[in-house]
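The values are calculated or read from the model by the stated rules, or taken from the named source; none is laboratory data. Note that this is a predicted model, so its numbers are computed, not measured. Here Cβ is always computed from backbone atoms with ideal geometry, including for glycine, and neighbour counts include all displayed protein chains.
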């Protein structure tokens, strides 16, 4: 170890803190969707900036892990870069990567990667507000009772009122999702486009809310169903243009990924993959295919 890393405990947190978080994680995995309280520690970042997800990551990382962190799908955002630097200083021996397919632990904010998780991969989500009932009930004690009784009637009424007023459910992110037919969770501020990735996934999803001191999980091969009415089905962002065509990524040409809207140098709206690793891989694949096709034409 270098002088810089020697002054940090591996994983920054003390062993008792990591042990408590791991025990909370085991309970959360055993009861999918249940919000497990834990003693959230002070971190060198402000609460609300990913302390819950970071504490989970620090508690489960080992020297044989390969770690990736993204923010809004990007590996190069300020939040992602700073957390990557923090992990490199406090977890010597852990490999860092920007490739989803090679990572064993992925920490993310606001997005689930486009590449589907495989068995053995763990996705840690930073969560600002863990309870979907907070939009209809202010009292935490009452919310706990409602979760225990499976009483989500007021949440259904909220969705119904949206349809009456706007002709559709207007929740664009944090869409409530029922796990294993029991607890309803807040899947963190991911877009509706990502909600379906929770259902029967091979990977393990861990959710950490540091400010609210809650941990919950969606284990592999678990049913995850967004709340929706039979006559008003759940829908995702479709990125359809004025002509009725699905917009492609302006950079790699993908027409099946979640897109971010940008303004280019001349003031035009352009759309690009939110997931930077996926976009880079699609672009590389396209370049290789064009090169092979060019070789075939010359021959």
| task | Sort out which residues of segment 243-271 are surrounded by 20 or more Cβ atoms within 10 Å (Cβ to Cβ) and outside any loop (DSSP other than H, G, I, E, B), and write them in order of number. | result | 259
| query | Do we find a residue being in contact (Cβ under 8 Å) with a residue 12 or more places away in the chain, within 21 Å of residue 281 (Cα to Cα) and under 16 Å from the mean Cα position of the chain (by Cα) anywhere in segment 57-68? | reply | yes
| said: Take the conditions under 30 Å from residue 24 (Cα atoms), in the same structural domain as residue 104 (by TED's automatic domain parsing) and touching a helix residue (DSSP H, G or I) at 6+ places or on another chain (Cβ under 8 Å) and apply them to residue 204. Does it pass? | reply: yes
| said: Looking at the structure I just gave you, is residue 285 outside the structural domain of residue 98 (by TED's automatic domain parsing), part of a loop (DSSP other than H, G, I, E, B) and farther than 30 Å from residue 18 by Cβ? | reply: no
| task | Within segment 173-220, track down each residue that is free of Cβ contacts under 8 Å to residues at least 60 places away in the same chain and surrounded by fewer than 18 Cβ atoms within 10 Å (Cβ to Cβ). | result | 181, 196, 199, 200
| field | 1 or more residues in contact with a strand residue (DSSP E or B) (Cβ under 6 Å, 6 or more places away or on another chain): qualifying helices (runs of 4 or more DSSP H) within segment 1-120 | value | 15-30, 51-60, 78-90
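State the number of residues belonging to segment 230-242 that are surrounded by fewer than 14 Cβ atoms within 10 Å (Cβ to Cβ) and either outside any loop (DSSP other than H, G, I, E, B) or touching a helix residue (DSSP H, G or I) at 6+ places or on another chain (Cβ under 6 Å) (or both).
Residues meeting the conditions: 2.
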